[in-house]
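Step one of this worksheet: look at the structure below.
The values are calculated or read from the model by the stated rules, or taken from the named source; none is laboratory data. Bear in mind the structure is a predicted one, so any value in this text is a computation, not a measurement. Quick reminder, even Gly has a Cβ in these numbers, built from the backbone with ideal geometry, and neighbours come from all protein chains shown. Surface accessibility is based on the protein's heavy atoms, side chains included, excluding ligands, DNA and RNA. Shrake-Rupley method; radii C 1.70, N 1.55, O 1.52, S 1.80 Å.
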Amino acid sequence: MRYYKVLKNGKSFHGGDMSWPLPVEGNPGEWVKHSGDISPCRSGLHVTTEPARWMDVGADVFEVEVSGDIVPCDTADKFVCRELRLAKKLSESELIPLNVFSSGTHEIKNAYAFCYGSSKVNAYGSSTVYARESSCVTIKSKSVKVTCNGYSVSIDRSNDGKPVVTIGDG
């Protein structure tokens, strides 16, 4: 299984502000070790298998190497471990298979995605898309959920087949 860390300016930004030793000139960063108990969402070093769920504009995604204990959290994509190091920063093209899009046109089905910049996403099935900046999402199924710059937008079909658009705080 591959694990990832999403950072802004080399620091954690989801529940912490730890500065991480970054990879340099193609070499992984230094190992970081947590010496206390590891507990999901409380203590330890957290990683994800789906960085699109944790992405934000200005953030970077790093592939990581983990060592020691690793425990699943309350969501299927999140884990906490004892030791990790940032192996490499992912490029824009390496982010595409992880549903993180900054340009181009993409299609997702029953998945999470984060789109920003000039990207366009066609979303099908039970997808959730986080859209920022000038990105565009075309909802192709009635159960797609889109969050746009802090507002949640969902489109469903009423009994007569007409679309019903609901916009509210994210």
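Those strands (runs of 3 or more DSSP E) of segment 129-170 in which 1 or more residues are open to solvent by less than 30 Å² (accessible area, probe 1.4 Å) and at pLDDT 60 or above occupy 145-148. Checking the stated criteria, I108 turns out not to satisfy the condition of being touching a Cys at 6+ places or on another chain (Cβ under 7 Å) and in a strand (DSSP E or B). Residue count for segment 3-57 under the criterion of being within 22 Å of Y130 (Cβ to Cβ), part of a strand (DSSP E or B) and among the hydroxyl-bearing types (S, T, Y): the result is 3. Exactly one residue out of S39, S19, S67, S12 is open to solvent by less than 40 Å² (accessible area, probe 1.4 Å), farther than 24 Å from C115 by Cα and more than 12 Å from the chain's Cα centre (by Cα): that is S39. The requirement of being assigned to a loop (DSSP other than H, G, I, E, B), open to solvent by 30 Å² or more (accessible area, probe 1.4 Å), modelled with pLDDT of 95 or more and of a type in the set (S, T, Y) is fulfilled nowhere in segment 113-126; no residue meets it.
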